[in-house]
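No lab work stands behind these numbers, since they all come straight from the coordinates. Given the structure is predicted, the values throughout are model-derived calculations rather than measurements. Here Cβ is always computed from backbone atoms with ideal geometry, including for glycine, and neighbour counts include all displayed protein chains.
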Amino acid sequence: MPDGSDLPRFRVTPRAAAQVAEIARREGRPTAGLRVSVSAGGCSGFQYGFALEEEAAADDLVIEAGGTRVFIDPVSLDLLAGAELDWNEALIGAHFTVRNPQAVSGCGCGVSFSVA
């Protein structure tokens, strides 16, 4: 599995940053940021997780974007190095998506992936 050391850091698009801020505001938690994580599971081996959190953990990467923050723990960052968080709206719904250059396959739901 690649260690991500030769890949650029995780990026957050302006559209995703705006949506994090909007969700936090709607939830009555305007200072909350979005935790992006990777855990074992899903139909392809790993799955992305998204949750609002008030504070980063001591060892998190904190990305400040568009007046909001995104938190990523070191273990997840290994699998997210070089990836980009975006927000997509389509007829089937709106959701965060991760474009991950380390993912070699994924499932139809877009939430799980595998790496080489």
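Judged by the gyration tensor of its Cα atoms, with axes a ≥ b ≥ c, the stretch 11-115 is oblate; a/c meets the 1.5 cut and b/c is at least as large as a/b. At an R0 of 22 angstrom, the distance between the Cβ atoms of Ala40 and Thr97 translates into a FRET efficiency of 0.60.
Taking GluC sites (Glu not before Pro) across the stretch 14-77, the ones in a DSSP loop with at most 15 further Cβ atoms lying within 10 angstrom of their Cβ are Glu27, Glu54, Glu55. Packing, taken as the mean count of other beta carbons within 10 Å per residue, orders the peptides 66-73, 88-95 from highest to lowest as 66-73, 88-95.
Other residues whose C-beta falls under 10 angstrom from the C-beta of Thr13 contribute a net charge of +1, scoring Lys and Arg +1 and Asp and Glu -1.
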